[in-house]
Every structure is written in C-alpha cells, then in structure tokens.
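Enquirer: Dropping the structure in here first, questions after.
Just so it is clear, none of the values below were taken in a lab; they were calculated from the coordinates. Quick caveat: nothing in here was measured; it's all calculated off a predicted structure. Glycine also receives a Cβ, built like all others from the backbone with ideal geometry; neighbour counts cover every protein chain displayed.
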Amino acid sequence: MIRVDEKGFYGKFGGAYIPEMLHPNIEELRENYESIMASPDFQQEFQMLLKDYVGRPTPLYYASRLSERHGAKIYLKREDLCHTGAHKVNNTIGQILLAKRLGKKRIIAETGAGQHGVATATVCALMGMECTVYMGELDIHRQRPNVERMKILGAKVVPATSGSKTLKDATNEAMRAWINNPVDTHYIIGSVVGPHPYPEMVALFQSVISEEIKWQLQEKEGRENPDAVIACVGGGSNAAGAFYHYYDVPEVRLIAAEAGGLGVHSGKSAATTALGTPGILHGSKTILMQTEDGQVIEPHSISAGLDYPGIGPVHAHLFDIGRGEFLAVEDEDAMKAGIELSRLEGIIPAIESAHALHALNMIEFKKDDIIVVNLSGRGDKDLETYIKWGGY
Amino acid sequence: MNRIQYLFNTKKERVLSIYFTAGFPHLEDTLPIMEAIQAGGADIIEIGVPYSDPIADGPTIQDSNQIALENGMSLKKLFEQLKGFRAKINLPVVLMGYLNPIIQYGMEEFCQKCKEVGIDGLILPDLPMQQYLDDYKEMFEKYDLFNTFLISPQTSEKRIREIDANSNGFIYMVSSHSITGAKSGISEEQVTYFERVKAMGLKNPRLIGFGISDAETFSTASQYSNGAIIGSAFIKKIKDSANLNADIQEYIKSVIQ
C-alpha cells in the first residue's frame with residue numbers, strides 16, 4: 001500500500017522537519033485533518049462547492065484526433081475546466097473549509113506561476129477571509145496578469161526578495177510569515193510538499209481527480225483502470241491526484257513528466273529525479289536538486305509551475321520503489337506538444353500540462369491501450385510565453 | 001566535562017551567547033571573530049553554518065548566510081578553519097545549522113568532526129524532537145555533543161517538560177513567535193511568558209533569544225532566565241566593520257557592562 005505512515009513517511013521520504021515554533025500548528029493540523037475531512041458537515045459543504053462552484057466533475061474527454069496521431073486511445077482529464085483554470089482550486093477549497101473549522105482568521109499561501117495564489121485568493125474571497133500571498137519578486141514580473149487577478153480578488157501580494165526570488169523563496173517567506181503569526185493563521189500549501197500532514201492532505205483533496213477518472217472510464221470503456229496515467233510533476237499535486245486511486249493497482253502505469261528545461265544536463269533544468277539526491281526541503285525528506293554541500297540549486301523551466309527544486313515525498317517514494325516512471329520533458333518539446341493539442345483538439349493547454357502531453361512521444365504503447373493524460377490547467381495564463389516562443 | 005555543563009555549573013546568571021554566521025563578512029573571519037567574542041567577555045560562541053534556505057531566520061541572518069555562501073563557506077571549509085581553535089578558545093562553542101547540509105556531509109562524520117575539533121553542542125532548528133530521539137540521540141551522546149531545543153510562547157507546558165527531559169546543556173527560549181531579528185524590545189506579553197516558564201522549575205538552564213540587542217534587553221531577559229543569545233544585532237554590528245576585533249569587543253562590553 002502506498003499511503004503515508006503514522007510518522008508521516010512514504011517509505012524513506014516525508015516527515016515533518018520544522019522549527020519548534022511551527023510545532024503547535026502542525027500538530028493541530030495533524031490531529032484534526034482526518035476527522036474534520038471525514039465529518040458529514042465538511043463533506044457536504046466540500047462536495048457542494050466542488051460541484052456548483054468549481055464545476056466538477058470535470059469531463060473525461062476522448063481526444064480522437066490526438067489518439068489517431070499517437071496510435072492509442074487517449075483520454076484527457078479536463079482539470080483545465082475547473083473554476084480559475086486549473087486543478088489547484090480542489091485543494092484550496094478543501095483547505096479553507098478546514099481552516100474555518102480550526103477557527104483561523106487569516107490565510108497565507110505561496111505561489112510560483114500564480115495559479116495557486118489565484119486559487120487561494122478566490123476561496124478567501126468566497127469565505128470572506130483575509131489573504132496574503134507570497135510570490136517571488138521575479139515571478140511577480142513574469143506573471144503580471146495573475147498578480148492582478150489576486151489583487152482584484154482582494155488578496156495582498158507580498159514579494160519574496162530573498163535568494164533567487166522565485167517559488168522556493170516564496171515558500172520560505174510563507175513559512176516565516178507563519179512562524180510570525182502562528183495563532184490565527186492557516187498556511188494553504190499549494191502542492192504535495194511541506195511537512196506532514198500537508199503532502200497527504202493535499203493529495204487527498206486532489207484525489208477527486210482519479211476518483212472521477214475511475215467511474216468515468218467505467219462508463220466509457222467498461223473498465224476502471226487505464227493502461228497508463230500521465231501527469232506533469234513540479235511539486236506534484238495534480239499528479240498525486242491523478243495517481244492516487246491507482247497507486248496500488250500495479251497494472252496501471254504511472255507516468256510523471258518533469259521539466260527537463262533546456263536539457264537535463266544543460267544546467268538549466270528542473271528534472272528533480274534525474275538530477276536530485278535525497279535531502280530535506282521545506283519540511284520534508286525528499287529528492288531535491290542540491291550541491292554536494294547540501295545547498296539547494298535553483299531549477300529552470302519554461303513553465304513557472306514546474307520550476308521547483310524538489311518533488312513531493314510521495315513522488316520521491318514512487319520513484320524510489322520504481323512504481324512511477326519519471327521522464328524529463330524539455331522546454332521546446334513541451335511547447336510543441338502544447339501547439340499540437342491546440343491544433344488537433346482546439347484546447348490550448350497550460351505549459352505545465354503540455355509537458356505531460358509530450359510524454360506521449362516518449363513512451364511505447366499498443367494500439368488499444370487506454371491512456372489518461374491529466375490536463376491540469378488551461379493555457380490562458382501562458383499566452384505571453386507562447387507568444388515569446390513564437391513557434392506556431 | 002562538556003564545556004557547556006561546566007559553564008552553567010559555575011555561572012547561573014547573565015550568561016551571554018553570541019551568534020555569528022561562518023564565512024561572514026569574509027571567508028576567513030571565523031577565528032578572529034571567535035577570539036574577539038572571547039576577549040569581549042561573552043560566555044558562549046554560537047557559529048551558524050550557512051544554508052541557502054534558512055526558514056527560521058529573518059532578513060539580517062538570511063543575508064549573512066547568502067554572503068557567506070558566496071564567499072565560499074561550507075561545512076568542509078568550516079571544519080578546516082576550526083582545526084586547532086582550542087589552542088586559543090576556552091569558551092563553549094555551539095554549531096547552529098539546518099539539517100540538509102549536515103545530512104549531505106553525513107551525520108556521523110559531522111558529529112565525529114565536531115568532537116575532533118572541540119565543539120560542545122548543536123542547535124539544529126529543523127530537527128524535531130521525535131526525529132532526534134529516534135535517529136540521533138545516541139550518536140550525539142557518543143560524541144559528547146549537547147543538543148539544544150527551542151521553545152516558543154506557543155509551546156505547551158507538556159511539550160516544554162518533554163523538551164526539558166530530553167535536553168542537555170540549555171534550552172533556547174524564542175522570545176516571541178517570530179523569526180530571528182523580526183522584533184526588538186521586550187513586551188509585557190513576553191514577560192508573562194518568561195515568568196511562566198521560569199516558574200516551571202526546569203532542570204536545564206534557559207537562554208532567551210530573538211529580539212536581544214543591547215544592555216537593556218540583555219538585562220531584562222536575564223532577570224527571567226540564565227541569560228540571552230544575540231544574533232541579528234551582532235551580525236549588523238560586524239557587517240561593515242573595518243576593525244572587527246575592536247568593534248566586537250566594544251559591542252560585547254557595552255551589552256554586559
């Protein structure tokens with residue numbers, strides 16, 4: 001079984017390596033998240049919002065022209081159709097309902113590309129809670145539209161000016177802000193990273209993705225299990241959600257597309273499993289990109305959402321035990337896959353999701369194989385990157 | 001006898017610990033800074049091992065970490081510099097560092113090296129107590145390294161008792177819920193917390209850190225504990241110092257008066 005153990009580990013990875021100042025907050029979460037999530041009152045509100053606010057279930061769409069091109073039966077799980085344009089909102093809805101029940105008044109979050117920041121600002125507006133989002137100064141300049149979206153929604157956006165001024169540093173700043181305001185504040189982490197119980201909690205909120213794939217595939221194909229599920233991995237929340245109910249079904253291949261950047265060995269890459277080694281980042285033991293001396297290395301990806309030097313501990317475990325197949329997809333190939341989907345199916349994908357689409361060119365399958373690609377987000381936010389790249 | 005234990009056996013009040021980041025402001029300043037801290041009259045030297053992502057530290061110490069790394073500091077380099085320092089330094093010396101660089105170095109090799117050069121204790125802010133007990137306690141004891149835990153105003157009485165039972169050397173009281181260098185001065189609320197912990201009658205001495213910067217805050221903190229730790233304020237003092245030795249001694253003397 002691939003589940004978190006009592007101490008917060010997936011095999012060798014996970015745990016809660018946090019300063020003592022955060023211990024009460026993490027303990028409070030750890031002791032309460034399962035019972036709150038299981039309570040009928042929580043479930044009722046959560047399910048209602050997923051349905052009427054987020055727009056779930058999202059379609060499982062048979063992409064016939066893409067299938068023809070690649071020679072397999074390809075389904076797209078349309079998380080790009082979620083309110084706010086990506087899967088991120090599944091988690092922020094869940095966590096804000098949890099925060100309310102824990103009596104919290106303020107919400108903080110980190111964001112890279114701004115998708116999680118927007119999803120957090122959205123649910124804070126919905127619940128009337130104060131919201132502060134930490135974002136790398138560099139990303140603030142790169143992702144202007146999302147910064148403005150957050151501000152329109154009433155959130156305060158605080159630039160992280162330390163280190164490389166990107167997602168890693170925004171996460172550091174959010175953790176520091178939590179240390180400074182531990183009593184009334186909940187930190188909504190956006191991926192399956194951070195100290196236990198975050199990786200499992202976020203995965204549970206995202207697990208609705210594979211829950212739906214199962215019954216939708218049953219309806220369409222008369223079987224719950226595809227031959228493979230493909231998802232992109234930065235921290236890995238959409239992948240964790242798409243894989244969750246297939247972890248323990250070994251005949252379903254779990255394929256994770258990491259950002260190869262300009263090439264795995266170019267020095268400009270975010271292919272964590274290819275380049276990383278075990279270590280501790282943002283409160284959990286995982287695989288991360290680091291120097292021999294244990295200093296964290298700045299990654300590179302054309303996609304801000306995959307521009308992270310680590311991966312969630314559950315993915316480190318899937319990699320470690322060989323349950324997941326990890327591929328490095330380079331910037332150029334991801335962009336081309338994004339254009340291919342646009343031309344064949346009329347769907348412009350987020351560049352993160354385009355990494356998962358290129359994986360179709362990297363794996364071998366048989367003609368009748370059923371492949372589900374998790375289309376985690378839509379490409380609107382990436383228009384500027386598409387334009388700058390220009391290859392269409 | 002461990003030097004930390006010896007210190008607290010002989011001095012119970014107004015113990016002053018000074019923190020600095022190894023490799024800051026310049027790569028080769030480590031030993032000169034240690035000598036100046038000793039000559040100035042402080043009681044404990046706390047050396048920070050620089051890290052790219054110090055999540056419990058505020059901007060001042062973050063910057064010093066960044067500069068130290070750019071200067072080329074690493075654990076390997078630090079241990080080279082510390083070789084033979086015991087010929088000149090009698091004070092207890094504590095290493096403060098985040099886990100990742102230490103794990104990459106190898107925890108056992110790290111402990112062995114600490115013992116070899118003459119380190120007395122460790123402060124590892126992202127090593128939780130349970131992990132310490134499960135994985136490292138035996139190892140630290142084997143190399144006679146005292147482990148210091150932090151407590152904050154949020155730490156429950158039950159947890160403080162557990163920490164006290166599992167600590168040796170001293171307990172590091174974070175004076176408010178904050179990262180280092182975030183706040184200065186001591187508020188009434190903090191005094192209530194200091195008094196509450198004082199009244200618990202813990203077996204370990206307590207040093208108060210975060211927000212201590214001068215004679216006044218040092219004296220106030222010392223009323224409620226065995227002394228205090230100065231970090232960010234010290235880093236600020238040495239940042240642009242043209243004469244480290246004189247400036248450090250003058251600063252420490254002004255604090256302990």
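Enquirer: Under a Cβ-Cβ cut-off of 13 Å, what is the net charge of the residues other than B:Lys236 that fall near it, where Lys and Arg count +1 and Asp and Glu count -1?
Expert: -2
Enquirer: I would also like to ask the following. Would you please give the FRET efficiency between B:Tyr143 and B:Ala242, computed as 1/(1 + (r/R0)^6) with r the Cβ-Cβ distance and R0 = 56 Å, to the nearest 0.05?
Expert: Given R0 = 56 Å and the Cβ-Cβ separation, E is 0.90.
Enquirer: Let me ask another. Are there trypsin sites (Lys or Arg not before Pro) in the stretch A:49-127 that DSSP puts in a loop and that have at most 13 other Cβ atoms within 10 Å, and which ones?
Expert: A:Lys105
Enquirer: Taking amide hydrogens as modeled 1.01 Å from N in the peptide plane, which residues meet the under 5 Å criterion relative to A:Gly324, leaving out close sequence neighbours?
Expert: Distant-sequence amide H within range of A:Gly324: A:Phe319.
Enquirer: With a cap of 11 neighbouring Cβ atoms within 10 Å, and only residues DSSP puts in a loop, list the GluC sites (Glu not before Pro) found in the stretch B:12-69.
Expert: Those that pass, being in a loop and sparsely packed, are B:Glu13.
Enquirer: If you don't mind, another one. Over chain A, with a Gaussian network built from C-alpha contacts below 10 Å, which listed residue (A:Met135, A:Met362, A:Met175) shows the highest mean-square fluctuation?
Expert: Result: A:Met362 has the largest fluctuation of those listed.
Enquirer: Turning to a different aspect of this structure: So if I take the centroid of the Cα atoms in the stretch A:58-125 and the same for the stretch B:126-186, what is the distance between those two points in Å?
Expert: If we compute the Cα centre of each part, the gap is 39 Å.
Enquirer: Take the alpha carbon gyration tensor of the stretch A:117-183, find the square roots of its eigenvalues, order them as a ≥ b ≥ c, and report rounded if a/c is under 1.5; if not, report prolate when a/b exceeds b/c, else oblate.
Expert: oblate
Enquirer: Let me ask another. Over all residues in A:359-371, what is the mean tally of Cβ atoms on other chains that come within 10 Å of each residue's Cβ?
Expert: The per-residue average across the peptide is 0.
Enquirer: Test of the criteria: in the stretch A:1-30, which GluC sites (Glu not before Pro) are in a DSSP loop and have at most 16 other Cβ atoms within 10 angstrom of their Cβ?
Expert: Listed in order of number, the matching sites are A:Glu6.
Enquirer: Which whole-number percent is the relative contact order of chain B (Cα, under 8 Å, 6+ apart)?
Expert: 25
Enquirer: Something else about it: Given springs between every Cα pair under 10 Å in a Gaussian network model of chain A, which of A:Val89, A:Val229, A:Val158 has the largest fluctuation?
Expert: Maximum fluctuation in the GNM of chain A, among the listed residues, is at A:Val158.
Enquirer: Over chain A, what relative contact order in percent results from Cα pairs under 8 Å that are six or more residues apart?
Expert: RCO, chain A: 20 percent.
Enquirer: With the contact rule set at Cα under 8 Å and sequence spacing of 6 or more, what percent relative contact order holds for the stretch A:151-200?
Expert: 17
Enquirer: With a Förster radius of 41 Å, plug the Cβ-Cβ distance of B:Asp135 and A:Leu344 into 1/(1 + (r/R0)^6) and report the FRET value to the nearest 0.05.
Expert: Between B:Asp135 and A:Leu344 the formula returns 0.20.
Enquirer: ³J(HN,Hα) across the stretch B:96-101 via Karplus (A = 6.51, B = -1.76, C = 1.60, θ = phi - 60°), whole Hz, x for Gly/Pro?
Expert: 10, x, 7, 4, 4, x
Enquirer: Testing the spin-label approximation: label points 7 Å from Cα along Cα→Cβ at A:Tyr62 and A:Gln44. State their distance in nm.
Expert: Result: 3.9 nm between the two label points.
Enquirer: A further question on this structure: Report, in debye and to the nearest 20, how large the dipole of the stretch B:15-256 comes out about its Cα centre when Lys and Arg carry +1 and Asp and Glu carry -1 on their Cβ.
Expert: Approximately 360 debye in magnitude.
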